[in-house]
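Only one structure is covered here, and it is reproduced in the block below.
The values are calculated or read from the model by the stated rules, or taken from the named source; none is laboratory data. No experiment lies behind these values; they were computed from the predicted model shown. Glycine gets a Cβ as well: all are built from the backbone with ideal geometry, and neighbour counts include every protein chain shown. Just so you know, the surface numbers come from the protein's heavy atoms only, side chains and all, with ligands and any DNA or RNA stripped out. Shrake-Rupley method; radii C 1.70, N 1.55, O 1.52, S 1.80 Å.
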Amino acid sequence: MTEHEMDKVNSENQPPVNRGYGYETIQLILDIIIVHLHFWYYIFEHIYQLFLKKEEKDVRGEIVLITGAAHGIGKDTALEYASKGATIVCWDINERGNIETVKEIKAMGGKAFAYVCNITKREEILQVAEKVKKEVGFVSILVNNAGIMPCHPLLDHNENEIRMMYDINVLAHFWMIQAFVPEMIEKKHGHIIALSSCAGLFGLKNLVPYCGTKFAVKGVMSSFYEELRTIGLHEHIKLTTIYPYMVDTGLCKKPHFRFKFMKLISPQEVAKTIVSAQRRGIMEMSIPQHYLYLEKFTNFLPRKASEAVNDFLNSGVDSDL
Ligand SMILES: NC(=O)c1ccc[n+]([C@@H]2O[C@H](COP(=O)([O-])OP(=O)(O)OC[C@H]3O[C@@H](n4cnc5c(N)ncnc54)[C@H](O)[C@@H]3O)[C@@H](O)[C@H]2O)c1
């Protein structure tokens, strides 16, 4: 037996050190003081940072992969990143639209690559990911954007529709993370952006399964952050979750709103906010920004009080059937 192994056996046979009740009480008091200091420090730090415009990181030299890049928010996010000098990898099931996005990026002097990938299929994701790594390089920014939004009362949704929504809007996030994050961990460099929605902050009628998927994205991102923080990688691999209100891409087929200030947002504005939030390292961003604060505030309100405000505002989506 080596000296090291002997030490190990000896230490395993030692009874646990009993430091006594007094010691544990002192430790507890110290921990309470420390948690108080941290708590107030981080609250004041946050308030201070609200008045500071965080510097936007340079994305030149980064390779950004975007799912659902053929249309809507994904396409505009691809164009926005390309305008900042990043190399873009466009993934979509819609080959023609995807090639069009790449053409537009090249026409503005940018660098982009198109890949067809159906993100409901895990094997396909892993295969296409390997191809991208060989042909383009290390993907350092991943935008999990592709999503679908069938919109009608819960009992009118069929099984396939619900399963497909969870495959694209939720499960694909896991497969994409498993395909690209190991290399980010190895290089201690990376950023994942996930598209949730205001439907991931508030429950809405006609969107029961969709809201479920978007609440799930919020849960996945906040718990994945906890895992990264526990292993000390949260400063190297950043996460950003985006919660847009209704966007003018056609996904939201029958929107309604009582007041004009609640009208649809342009995908270009959403894309600019996504890229800026990522470059500033912001973890959660709603579009408009105040919706995230509104959600936190309404959690304090009695249910019926927030229902009264919702009924007054009367904004949402009608059934597409
Ligand atoms: N439009 C809105 O009102 C709105 C609001 C909040 C959040 N979002 C979210 O933003 C994201 C983008 O929405 P959008 O409005 O740009 O949608 P969109 O329909 O305009 O674009 C979605 C893209 O995803 C692609 N896609 C769909 N299924 C795919 C699959 N299986 N594999 C690969 N690609 C696939 C489509 O071909 C399309 O190009 C979605 O996650 C959506 O839930 C949209």
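Those strands (runs of 3 or more DSSP E) of region 91-203 in which at least 2 residues are within 14 Å of the ligand (Cβ to nearest atom) and under 28 Å from residue 284 (Cα atoms), considering only elements entirely within it, cover 141-144, 190-195. Scanning region 224-247 for residues being closer than 19 Å to residue 199 by Cα and surrounded by fewer than 13 Cβ atoms within 10 Å (Cβ to Cβ) gives a total of 0. If you filter region 271-292 down to residues that are in contact with a Ser or Thr (Cβ under 7 Å, 6 or more places away or on another chain) and part of a strand (DSSP E or B), you find that the one that is farthest from the ligand (Cβ to nearest atom) is 284. Taking the residues in region 248-270 that are more than 8 Å from the ligand (Cβ to nearest atom) and under 21 Å from residue 152 (Cβ atoms) as candidates, determine which candidate is least open to solvent (accessible area, probe 1.4 Å). Going through the qualifying residues, I end up with 256.
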